[in-house]
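Contents: one structure, followed by commentary.
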Amino acid sequence: MTTVVTREIDREVFVFKMRDLCERTGLDRQTIHFYIQQGLVPEGQKTGRNMAYYSEEHLERIRLVRELAHQRFLPLKAIRAVLDGEEEAFSPEQRAIMSEVRTRVRSALRPTRATPFVSASAVAARTGCSVSEILELGEAGLLTSRGEAANEEVLEEDVWVVEAWVRLRAAGFDPALGFSPGDLAVYGEAMKSLVRLEARMFATRVGRLDPDEAGRLLDRGLPLINEFITRLHTSRARQLLATID
């Protein structure tokens, strides 16, 4: 007969069971366990083999991860960076400015409403990309995913990333030559740093503008900046090739 060792915990702090977390966050048990397995939420205090209790801290962390993943559409890698404090924080003044401007923009910068998740296998069938390649794109932080293995799902809004990889592969960036979806991570990391820097620069410049005018400024500037980045990338690549004898 196997003896289950129980553990005394402070029930005034650890007041929630798993079902309580599900009720208070609107998430299912599988999703919360996935957050815990990924190190985004601390493990509960176990009192037995299949019993654990959770605190208010666990509840707040789950709500934060849910917001970052489902409302701001951050991939797991980015969420982990935020939770680990690796992202440089905006100053309170900059955060207030950008929060106001966010509600004024009319362009592609406007945060979208939550879009559904679709199964990775369905995306694979639709695009001709393998499920393993889709998982690799998720691991590279290039799309938002949830679930595990056969149950993996990706955010519908991020399917364009899968389609982009498929077009690159068809253009000759073939895995047989050593190319892989993970190679695109370099662009994701570079763009994350660029966006962080330009957002801080913008916030320091528009502090005296009316939020509506600041929003219109972003709407006008985004297409121009995108064109500038594209041409600059081509120009720098051409210059680099010219220096190679």
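Output yes when any residue across the stretch 173-191 is aliphatic (A, V, I, L, M), more than 26 Å from Thr31 (Cβ to Cβ) and not in a helix (DSSP H, G or I), and no when none is. Break it down into steps so the answer makes sense when it comes.
Within the stretch 173-191, the first condition is being aliphatic (A, V, I, L, M), and the residues that meet it are 176-177, 184-186, 190-191.
Restricting the remaining residues to those that are more than 26 Å from Thr31 (Cβ to Cβ) gives 176-177, 184, 186, 190-191.
From what is left, the residues that are not in a helix (DSSP H, G or I) are none.
No - not one qualifying residue is present in the stretch 173-191.
Can you go through Val166, Val159 and tell me which one is modelled with pLDDT of 90 or more and either on the phi > 0 side of the Ramachandran plot or touching a Cys at 6+ places or on another chain (Cβ under 9 Å) (or both)?
Of Val166, Val159, the one residue that is modelled with pLDDT of 90 or more and either on the phi > 0 side of the Ramachandran plot or touching a Cys at 6+ places or on another chain (Cβ under 9 Å) (or both) is Val166.
For the stretch 211-218, check the following and say yes or no: at least one residue is part of a helix (DSSP H, G or I) and under 28 Å from Glu136 (Cα atoms).
No.
So Ser180 ticks every box in (1) touching a helix residue (DSSP H, G or I) at 6+ places or on another chain (Cβ under 7 Å); (2) modelled with pLDDT under 90; (3) small (Gly, Ala, Ser); (4) under 30 Å from Phe34 (Cβ atoms) but one. Which box is left unticked?
(2)
How many residues are over 14 Å from Leu184 (Cβ atoms) and either in contact with a helix residue (DSSP H, G or I) (Cβ under 8 Å, 6 or more places away or on another chain) or modelled with pLDDT of 95 or more (or both) if we restrict to the stretch 127-141?
Here is the first cut: in the stretch 127-141, the ones over 14 Å from Leu184 (Cβ atoms) are 127-128, 130-132.
Filter again for either in contact with a helix residue (DSSP H, G or I) (Cβ under 8 Å, 6 or more places away or on another chain) or modelled with pLDDT of 95 or more (or both), leaving 127-128, 130-131.
Total satisfying the criteria: 4.
Could you tell me which of the residues Gly172, Gly141 is at positive phi and either in contact with a Pro (Cβ under 9 Å, 6 or more places away or on another chain) or assigned by TED's automatic domain parsing to the domain that holds Arg29 (or both)?
Answer to the check: Gly141.
The values are calculated or read from the model by the stated rules, or taken from the named source; none is laboratory data. All values derive from a computational prediction rather than experimental measurement. Glycine also receives a Cβ, built like all others from the backbone with ideal geometry; neighbour counts cover every protein chain displayed.
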